Amino acid sequence: MKFELTDDQKAVQEWARNFSETIVAPVVSKLSDRDKLPMDLLKKLSAEGFMSLMVPEAQGGAGLDSLSFSLVITELARICASTSISVAVTNMIADVLVREGQKHHHDKFLSQLLSGESPTASFCLTENSSGSDASALQMTAKKEGDQYCLNGEKIYVTNGAFSNFFLIMARTNTEINGSKGVSAFLVPRASKGVVIGKEEDKMGLNASSTTRMVFENVLVPESDRLLNEGEGMQVALRALDGGRISVASQALGVAKRSLEAGIEYAKVREQFGKTLGEFQAIQWKIANASTELSAAELLIRRAAWLKSQKLPHRLEASMAKLFSTEMAIRLCDEMIQIHGGYGYIKDYPVEKYYRDVRVTSLYEGTSEIQRTVIAKNILGGL
Ligand SMILES: Cc1cc2nc3c(=O)[nH]c(=O)nc-3n(C[C@H](O)[C@H](O)[C@H](O)COP(=O)(O)OP(=O)(O)OC[C@H]3O[C@@H](n4cnc5c(N)ncnc54)[C@H](O)[C@@H]3O)c2cc1C
């Protein structure tokens with residue numbers, strides 16, 4: 001067993017760190033809490049290959065393994081959590097297209113991510129009355145000849161304002177309540193009846209776009225359905241297995257940066273004639289945070305490695321997400337504590353890290369849902 005990254009993985013990590021620090025940081029540092037990621041930055045990320053990282057080279061992508069992908073998301077999140085989630089969700093859709101799509105899906109949709117025509121893509125599962133209980137979704141896709149008519153609403157659509165197309169889970173069989181009645185569709189933004197709703201006003205992750213979407217009699221050709229009717233939740237759940245590794249990697253990146261800020265501060269701030277770092281109470285916070293951060297990194301690497309090997313990884317992805325996101329929230333909170341009152345003031349970055357990281361234990365399956373997935377894997381279906 002090797003704990004070292006390969007030379008290729010180290011090079012990818014270095015490339016992502018360099019891009020994050022030299023291209024992303026100068027742009028996002030000027031954004032206010034109201035600003036979204038500029039289209040220009042998303043296009044640069046796309047041109048540099050960040051939106052198709054795991055697409056095989058033969059299909060025009062970077063051909064990265066899952067661990068390299070996770071390293072990229074962590075590096076981006078270290079500088080900007082909003083950028084990292086935009087990139088992560090887009091890659092999740094690219095991954096779905098490669099895994100579940102046919103040639104005509106690649107020509108029509110994947111090509112848009114490769115060329116930058118669509119700077120991002122979006123995943124539309126959640127609805128007003130179906131969040132954790134995703135397979136209870138109500139949006140309908142009614143078959144009419146060789147097309148479907150989509151009606152309903154989606155909420156919390158990441159990249160909603162940026163994407164040219166959307167992966168949408170809708171109910172093709174209204175006689176069946178659960179997941180078996182759900183199918184997956186690819187829908188262009190330009191389709192008649194697609195309405196991008198309001199941007200959510202969030203606690204953090206403010207540069208990321210999170211919108212509502214309304215679909216009114218949107219006609220989708222049968223050929224833009226992925227897999228068979230009734231297999232939409234499988235498409236969504238397989239996507240989320242990978243997505244959970246991304247969110248864990250995102251949380252890790254924010255936590256790393258927050259810890260760096262805490263260490264820097266503990267070395268210079270003096271009280272009672274000593275630096276904070278000389279007090280055992282502060283040393284233990286740094287020691288605990290560093291240890292937990294390493295544990296999270298190992299869980300993420302195991303899940304990513306399993307995914308790269310095309311081995312089952314649902315359990316490990318849930319464990320990595322559960323531990324890494326809760327660890328990152330704790331860590332970001334402790335780094336505010338190290339800063340004392342200054343940690344609560346916007347002149348210092350640690351309050352933003354906390355606000356940005358808080359969502360990671362909520363989206364792509366809450367911590368409670370991760371625990372349910374883990375327990376089911378261990379105890380059986382119950
Ligand atoms: C910023 C942001 C971006 C998002 N992006 C996307 C996106 O791009 N696409 C998308 O489809 N969705 C997206 N989401 C939605 C996100 O995945 C959901 O918010 C999440 O799955 C939880 O659903 P909910 O908010 O409806 O909470 P609920 O399901 O109502 O849960 C409320 C609380 O009850 C708990 N709970 C629910 N059921 C159980 C149970 N069986 N056992 C124990 N506890 C339970 C939950 O864990 C939670 O603590 C996003 C959300 C946010 C905030």
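Read the figures in this text as sums done on the coordinates, not as results from a lab. Since this is a predicted model, take the numbers as computed values, not measurements. Glycine gets a Cβ as well: all are built from the backbone with ideal geometry, and neighbour counts include every protein chain shown.
Quick rundown of the values:
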read-out	value
Cα-Cα pairs of region 122-230 separated by more than 24 Å (percent)	19
Under Karplus coefficients 6.51, -1.76 and 1.60, residue-wise ³J(HN,Hα) of region 132-140 in Hz, glycine/proline x	4, 8, 4, 6, 8, 4, 10, 4, 10
Equivalent-ellipsoid semi-axes of region 163-218, from the Cα gyration tensor, Å, largest first	25, 16, 10
Charge dipole of the chain about the Cα centre (unit charges at C-beta), most positive-ward option of Gly343, Val28, Ile176	Gly343
Fraction of alpha-carbon pairs over 25 Å apart in region 183-335 - percent	53
Cα-based reach from Lys36 at 15 Å (exclusive), listing aspartates and glutamates while leaving out same-chain residues under 8 positions away	Glu199, Glu200, Asp201, Asp356
Antiparallel %, DSSP beta bridges [both residues in the chain], to 5	90
Assigned charges on the beta-carbon of Lys, Arg, Asp, Glu; the chain dipole about Cα centre (debye)	280
Convex hull projection area averaged over all views, region 1-130, Cα basis, nm²	10.1
Filtered trypsin sites (Lys or Arg not before Pro), region 7-39: DSSP coil and at most 11 other beta carbons within 10 Å	Lys30, Arg34
Table column - 3J(HN,Hα) (Hz), region 178-192, Karplus curve with 6.51, -1.76, 1.60, x for Gly and Pro	x, 5, 5, x, 9, 10, 10, 10, 9, 10, x, 4, 6, 4, 4
Chymotrypsin sites (Phe, Trp or Tyr not before Pro) within region 224-314: DSSP coil, no more than 13 neighbouring Cβ in 10 Å	Phe272
Helix-only mean residue ellipticity at 222 nm for the chain, each DSSP H run of n ≥ 4 adding -39500 (n - 2.57), per residue, nearest 500	-15500 deg cm²/dmol
In Hz, Karplus ³J(HN,Hα) per residue of region 236-247 (6.51, -1.76, 1.60; θ = phi - 60°; x = Gly, Pro)	5, 5, 5, 4, 5, 4, x, x, 5, 5, 5, 5
Rg and Dmax of the chain, Cα atoms only, in Å	21.0, 79
Projected-area mean, region 271-364, by convex hull of Cα positions, square nanometres	7.1
Region 305-382: trypsin sites (Lys or Arg not before Pro) in DSSP loop, at most 13 other beta carbons within 10 Å	Lys310, Lys346
